[in-house]
Each structure stands twice: as structure tokens, then as C-alpha cells.
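First up is the structure itself, then whatever we jot down about it.
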Amino acid sequence: ICIRIFHDDIQNCDADRAGKANQKQLIVEDKAVVCDIVWVVEGSSSKGQKMIELDKKLILRAFNGECNAILSKVKWNNVSRCKERIQDIFERINKLQIVKKIHITDDYLTTIMEELDLEYGLEQKTHQIKEQEQAIREERREEERAIRELEQERARAEREEIHYQAALEKVKKEIESATGVKYEQLKEKLQYYEDELAEARTNKERAISMAQQTRRGYVYVISNIGSFGEDVFKIGMTRRIFPEDRIRELKKDSF
């Protein structure tokens, strides 16, 4: 992924340089800002031309300044708003110059929009990298948490196994000399301890097995309008012993 993005960034830089070159070419060819009529000032067309050239420079400087400010604030999720702002500035500046018949050309606006698209593409890739890194960190935290829980579950199951094994041995000794009601009570207790011992051993074996299979887990699909939005679902995997714990954490994080 990093290599792919690195090459994409090189291509973006090349495209960006090409876009800047196109803008400069339009300026050099006097096609960035144009005047549709010839002005005469004090009976002199040369003075009129100087006035128009000065106005064109001021218009171009103003437009570029506004656009550069917008380009510096482009993010992965605001390109439409940025395009609308540039279009609005383009139309407002041209509207102010209707009387003098001066206007920024559509070709020059196109080069600015292309530059905006390049900035947006770079921001998108940066955002994707951050999301990928966040997902990796979250997965690592989830794995570490799962390992801790598995260790705790194994230790708890081992303690229970020792406890019920000792209790079972004690009941077995007591039942040898018991009779009547006492014998029946001990038989029930014996069955209870055998069941609990079997469950403790099953829990221990499960914890050991899951710890050995580090890629094993539960896939979940959840929705949360308040957190993800309408008709948006989160698909993930948890290695927790009890996957409901992970679901509760996600619900808690959404508030």
C-alpha cells in the first residue's frame, strides 16, 4: 500500500507541475484574463491598454489569492464546498468587471479546478492511510485485549479446576462412610462438583485453544444511526472470548 501511494504521489506531483505550467502558459498567452473591447483613455488607446493591463493583473492576483486560500484548506471531505466557493469567486469577480468587459476565462478556471482535484486526491490518500493505520492500531489493541482476557479466563478456569477437584476428592472420601439421607446428599453434591469440574476443564481447554489460534475470532455486523449514520453498517472481527463485550464497547464509544 505504501509503495502504491508513493508512486501515486509522484504522479500527482507531475500532474500538479503540469497544471501550474498550464496556468502560466495561459497567463503568458494573455488568455487567463481578457478584455472584450479596446479602451481609449484621454484619447489614447495605449493609455487605455495600460489601464486594462493593470486591471487584469489586479483581477488575476485577487482571484489567485482567493483560490490559494481555498486550496490550502482542501480536505478529503470538503471538495464540493471548495469547488462551489471557487466558482462563486469566479462569478463575483467577473460580475464586478462587466462594465469594463474584463473577465477571467473559463480555461483558466478549469486549470484551478484541476489543481483542486489534485489536492483533493492527495488529501483522500492521506486520509486513507490514516484510516488504515487506525484500523491496524485498533486490531492490535483488540488482539492484545483478547490475549489478556484469554489468559485471565485460563487462570480462572485453572483455579476453578483445582477448587472443584479438591472438593470432589473430599466428597468422595466422605461418601465412603455415609449412609441414608447423608449419602444421598453427598451423591448430589458429588454430581454437582463433577459437572462444575467438567465445565472448568472445558473453559480452560477453550481458552488455551483460542490463545493458540491467534487469528480465530468472531465476525460481527452492527448498525448504529447515531454513530455511523443511516443505512451504514460496521463489519469487524473480535477475538474476545465473549464477543458481546466488543459490541457493548462500540455502543459506548458512539455516545
I'd like the accessible area for Glu131, computed on protein heavy atoms only with a 1.4 Å probe and all protein chains in place. Round to 10 Å², please. 110 Å²
Can you pull the Kirkwood radius for region 113-161, inverse mean 1/r over Cα pairs, to one decimal in Å? 13.9 Å
Kirkwood hydrodynamic radius (Cα pairs, Å) of the chain? 25.7 Å
By accessible area with a 1.4 Å probe, ligands and nucleic acids excluded, highest first: order of His127, His103: His103, His127
Please work out how much accessible surface Met51 shows to a 1.4 Å probe, ignoring ligands, DNA and RNA, in Å² rounded to 10. 60 Å²
State the extension gain, in nm to one decimal, for the chain segment bounded by Lys73 and Lys234, taking 0.36 nm per residue of separation less the distance between their alpha-carbons. 55.0 nm
How much accessible area does Lys95 have with a 1.4 Å probe, in Å² rounded to the nearest 10? 150 Å²
Label region 71-117 by shape, choosing from rounded, prolate and oblate, from the square roots a ≥ b ≥ c of the eigenvalues of the Cα gyration tensor; if a/c is under 1.5 it is rounded, and otherwise prolate applies when a/b is larger than b/c, oblate when it is not. prolate
When the charge dipole of region 18-104 is computed with +1 at the Cβ of Lys and Arg and -1 at the Cβ of Asp and Glu, the Cα pointing farthest to the positive end, of Gly43, Asn68, Asn78, is that of Asn78
Distance check, please: which entries in Lys57/Lys95; Lys83/Lys130; Lys130/Lys204 exceed 27 angstrom between their Cα atoms? Lys130/Lys204
Filtering the chain for DSSP H helices with an axial alpha carbon extent of at least 15 Å and a Kyte-Doolittle mean of at least -1.0 returns 2-28, 45-71, 79-96
Using heavy-atom solvent-accessible surface (probe 1.4 Å) with all chains present, what is the largest-first order of Trp76, Trp39? Trp76, Trp39
Per-residue accessible area, 1.4 Å probe, largest first, puts Phe90, Phe233, Phe242 in the order Phe233, Phe242, Phe90
Quick shape check on region 32-130: root eigenvalues a ≥ b ≥ c of the Cα gyration tensor, a/c under 1.5 is rounded, otherwise prolate if a/b tops b/c, else oblate, and it reads prolate
If R₀ is 41 angstrom, what is the calculated FRET efficiency for the pair Glu151 and Gln25, using the beta carbon separation as r and rounding to 0.05? 0.05
Could you check which residue among Lys234, Lys130, Lys101 shows the biggest mean-square fluctuation in a GNM of the chain with a 10 Å Cα cutoff? Lys234
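The values are calculated or read from the model by the stated rules, or taken from the named source; none is laboratory data. From a predicted model like this one, the values you see are computed outputs, not experimental measurements. Neighbour counts are summed over all protein chains in view; Cβ atoms, including those assigned to glycine, are modelled from backbone coordinates with ideal geometry. Keep in mind that these areas ignore ligands, DNA and RNA; they rest on the heavy atoms of the full protein, side chains included. Shrake-Rupley method; radii C 1.70, N 1.55, O 1.52, S 1.80 Å.
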